[in-house]
Amino acid sequence: MDKQEQILTTALRLFVENGFHATPTSKIAKEAGVANGTLFHYYKTKEDLIVSLYLYVKSKMGAYVEEHSKAETNPKEKFRSQFRAVLDWSLKNTNEFYYAQLFSTSPFASLLSPEEVKKTLKKSCDQIQEAIDAGAIKERDTDFIHTIMGSHIFGLYSYLNKYKLTKAKQQQVIDDSFEMLWGMLV
């Protein structure tokens, strides 16, 4: 693992364990096994590190979803496949998923430039727009629909983490939850 990835991995763990404000960069550098100057070589400020870590996590999730989603032409089945992939990734990567949620509800989210927000959401919003254009879901603001879907996934993730269900029961809950979400969209 290179130094930059070690910094990101350590920062992720410490931010999840202690929160943003209770995690000094000096502790991140020390536990990552790098000098403070090395950390600041990659990230000019703590805020830059926090935002960069969020983008790193989102890119990892996006790559996983891309790799594990089935190529579907039917909008509902495309959404279902990606919904399952996001949940699968989140359940396998609990710290990363928690960090993304922590970031998105923090003041640091406002540090993302509008261009980065659009870039991060582009693929999802394009897919939502395609479903709207095809008449598969209601015409609403794509960012609004994306937000509803993200909230739904976070709620389901929280439920699945709270209750240790069998694989079969867990899959049933995921399928039922998707149908409830889809019902809101159509």
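Observations, loosely collected:
- Cα-based Kirkwood hydrodynamic radius, the range 41-118, one decimal, Å: 13.8 Å
- Qualifying lysines (Cα of each under 22 Å from Cα of LYS27; at least 8 residues distant if same chain): LYS3, LYS44, LYS46
- Whole-number accessible area per residue in Å² for the range 1-103, which is evaluated in the context of all protein chains at 1.4 Å: 51 Å²
- Degrees between helix 94-104 axis and first principal axis of the chain (Cα, 0 to 90, nearest 10): 90 degrees
- Aspartates and glutamates whose Cα lies under 16 Å from that of LYS76, excluding same-chain neighbours fewer than 8 positions away: ASP126, GLU130, ASP133, GLU139, ASP175, ASP176, GLU179
- Working note: 222 nm ellipticity from helices only, DSSP H runs with n ≥ 4, each -39,500 (n - 2.57), summed and divided by the residues of the chain, gives -25500 deg cm²/dmol to the nearest 500.
- Heavy-atom surface analysis with a 1.4 Å probe gives the range 61-186 a carbon and sulfur content of 55 percent of its accessible area.
- By average C-beta atoms within 10 angstrom, highest first, the peptides 124-136, 3-15, 164-176: 3-15, 124-136, 164-176
- On Cα atoms only, tilt of 142-162 relative to the major axis of the chain in degrees: 80 degrees
- Angle between the chain longest axis and helix 46-68 axis [Cα atoms, degrees, rounded to 10]: 40 degrees
The values are calculated or read from the model by the stated rules, or taken from the named source; none is laboratory data. As the structure is a computational prediction, the values presented were derived from the model and not from experiment. Every residue, glycine among them, receives a Cβ derived from its backbone with ideal geometry; neighbour counts consider all protein chains shown. Protein only, heavy atoms only, side chains kept; ligands, DNA and RNA dropped before computing areas. Shrake-Rupley method; radii C 1.70, N 1.55, O 1.52, S 1.80 Å.
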